[in-house]
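Inspection log for the structure reproduced underneath, given as structure tokens.
Here, each number is a calculation from the coordinates, and none is a lab measurement. Please read all numbers here as calculations on a predicted model, not as lab measurements. Here the Cβ positions follow ideal geometry from the backbone for every residue, glycine too, while neighbour counts run over all protein chains shown.
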Amino acid sequence: MNRSVALILAGGVGSRMNLSIPKQFVVVDGMTVLQHTMLAFQRHQLVSAIYVVASPQWAETVRQQAKEAGIGKFASCLDAGENSFLSAKNGIMALQKEEGENTVVLIHDAVRPLVSQDIISRNIAVCLSRGNAITTLPSQESYMVIDSGAGACDKETTSSEYILREKLLRAQTPHTFLLGELATMMTEAEERGITYSQSIFTLANELGHVPLHIAEGEMVNFKLTLPSDFTIFQAILHETRD
């Protein structure tokens, strides 16, 4: 049976939050965001180990927080890179020394702390049956395409194209692949000089590792991006606890 592990990306600095510390280390309802996220994978019976990718200066904090939260599946803290893509790459290459090529790897944003047990289960099942799994939701809106050269928030912005919502999916995390394929993708990216991609699923498209298969996401599996998101997160925690 394939072993399944979580690779949690916690190397971000959260510049849009204007905080003194990265948002994954902000305390919400008695625990940091990262601890909430690790606990979700700790509780899942099919997840065997949890690896966290973080900046070296936060590595000891990560290890201490894993201990305080009772994360018995915590395996190690891996060094982050200069951006999220390089952090994922570092994590994947480090995993090769610890895990077999048929290990199912769930790559997840540390700042999506409300990932559910069902989402984790669906990712593992789809990956094992189809070869990969990308957590997604149907789009609720249609989108306008910005004309070339225009800025998204510029008052002079114009659009001459649109994409119907029926053709769109909203990607969340986890993004789930077998470790062997992830390692191959990173090798191919290096050979082609690719040093940045928005996510693992966009890299898979760039490299032709398609088709990608869908694991149903959930609205509450949102990414903590703005200060208001923390208020929503805390409200959900209180609602589910009560």
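Between 38, 93, 144, the Gaussian network model of the chain with springs among Cα atoms under 10 angstrom shows the greatest mean-square fluctuation at 144. Under the combined filter of DSSP loop state and at most 14 neighbouring Cβ atoms within 10 Å, the range 88-171 retains these GluC sites (Glu not before Pro): 98, 101, 141, 156. Using only alpha carbons, the range 186-237 has a radius of gyration to Kirkwood radius ratio (Rg to Rh) of 1.17. Helix-only arithmetic for the chain: the sum of -39500 (n - 2.57) across DSSP H runs with n ≥ 4, divided by the residue total, places the mean residue ellipticity at 222 nm at -10500 deg cm²/dmol. Distance cut-off 26 Å, Cα to Cα: go down the list 23/97; 23/167; 73/223; 89/223; 167/223 and report the pairs above it. Exceeds cut-off: 23/97; 23/167.
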